[in-house]
Amino acid sequence: MGTRDRVLELFEKERGVFLSGEQIAESLSVSRAAVWKSVKGLQAAGYPIEAVRNRGYCLSEKTDILSFQGIRKYLDPICEGLKLQILPCVDSTNTLAREKAAAGAPDGWVIIANGQTGGRGRRGRSFYSPPDTGLYMSLILRPDQYSPGQAVKLTAMAAVAACEAIETLSGQKAMIKWVNDIYLGGRKVCGILTEASFGLEDGFLEYAVLGIGINVSPPEGGFPKEVERIAGPVFEKRQSDGKNRLAAEFLNRFMACYKEPGRSKWAEEYRCLSMVLGRRIGVLLTDGEREATVLDIDSACRLVVRYEDGSTDCLSSGEISIRF
């Protein structure tokens, strides 16, 4: 870790507190000139660091800049071993994560970006990913002996973790629209996309890339017309350290489910957080859409539906629309 990163880590720990150049230099065993240079570099990168003669430097408590240091300070011990890679902007965190996974990147590699130029959703749709107001994250996962049918568990775990993280920080109840969308106050605030590679010989999961995009605060100028009636933010205005706290809260809750799935009640929680139980829906199939009623969500997080002709089905993947 370079001097600038170490200075930032100290500022993150002491947000709102003035630290003299001498204090920082002594704490990090560097020269005061190195401290000054690091502060100037951080200010140029957008960090609101105040410099006052005879008081020193202070990172504003209202800062909301995504950073490794800002996330790490909120992580629980369950997240030890995660490798966080924070980037200002990428084409797609999922695309980059898949490339790294195919090249052998280990379980627990996490790519987090402040913006995406080519964010992807399900069925090849684009995912609106403006810089500075969203959180875009992809995790490389290599669980032992997961079959294709079990892979849906990863999406379900992530949905539960996202709902709990959002509720913890916003104080509002988030709900799941099967299988991978999170809604808050009737607006979609989060989407999840899980992509996987399976072994040709044994059919088990080689790796999965779990992507999650969260609208943290309103984008400048509002959401584009094609999604403005559907999309919404978690917070109505920027929050102090909102992106870092939300990223860490999600990782804490997801890793607790992922590392100890037998002890977690994530499947039961997934069902309780569903916004489609008992609802009339349209099920999108290859040959068109069929009307159905949601009867239940089973222990494997499959959607149990009854079609208009009385037949029933258990859906492990797919797309639905809610009838109002």
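We did not get these values from a lab; they are worked out from the coordinates using the rules stated. Source: prediction; values computed, not measured. For neighbour counting, all protein chains shown are included, and Cβ atoms are generated from backbone atoms with ideal geometry for every residue, glycine included.
Things worth noting here:
- Proximity of backbone amide H atoms, modeled 1.01 Å from N, is registered between Phe198 and Glu206 at under 5 Å, excluding neighbours fewer than 5 places apart on the same chain.
- Derived scalar couplings ³J(HN,Hα) [segment 208-224; Karplus, 6.51 cos²θ - 1.76 cosθ + 1.60; whole Hz; x for Gly, Pro]: 10, 10, 9, x, 9, x, 10, 7, 7, 9, x, x, 4, x, x, 6, x
- Rough spin-label spacing in nm, given labels placed 7 Å along Cα→Cβ, for Lys83 and Glu61: 3.8
- Mean separation of Cα contacts under 8 Å, 6 or more apart, over the residue count of segment 12-87: relative contact order %: 34
- Principal axis box of segment 192-324, alpha-carbon based, largest edge first, Å: 52, 41, 30
- Segment 45-131, Rg to Rh (Cα coordinates; Rh as Kirkwood inverse mean 1/r): 1.09
- C-alpha long axis of helix 32-44 to longest principal axis of the chain, angle in °: 40
- Fraction of antiparallel bridges per DSSP, the chain only, in percent to nearest 5: 85
- Reach of Lys173 by Cα under 19 Å, taken over lysines that are not fewer than 8 positions away in the same chain: Lys188, Lys237, Lys243, Lys265
- Alpha carbon centroid spacing (whole Å) that separates segment 204-232 from segment 27-53: 34
- Cα long-axis angle, helix 93-102 against the chain (0 to 90 degrees, to the nearest 10): 80
- The sum of -39500 (n - 2.57) across all DSSP H runs of n ≥ 4, divided by the residue count of the chain, sets its helix-only mean residue ellipticity at 222 nm to -8500 deg cm²/dmol.
- Relative packing of 72-83, 166-177, which averages over residues the other C-beta atoms within 10 Å, highest first: 166-177, 72-83
- Under 5 Å, built H, 5+ apart or other chain: amide partners of Thr63: Asp241
- Here the gap between Glu201 and Glu226, fully extended at 0.36 nm per residue and compared with their Cα-Cα distance, gives a gain of 4.7 nm.
- Residue-normalised convex hull volume from the C-alpha trace of segment 3-59: 66 Å³ per residue.
- Amide hydrogen neighbours beyond the local backbone of Val17, cut-off 5 Å, H modeled: Leu59
- Evaluated on segment 280-322, the Kirkwood hydrodynamic radius is 10.3 Å, with distances taken between all distinct Cα atoms.
- Ellipsoid equivalent to segment 85-198 - semi-axes via the Cα gyration tensor, in Å: 22, 19, 13
- Working from Cα pairs under 8 Å separated by at least six residues, relative contact order for segment 251-324 is 25 percent.
- Compactness relative to 2.2 N^0.38 Å, alpha carbon Rg of segment 68-272: 0.96
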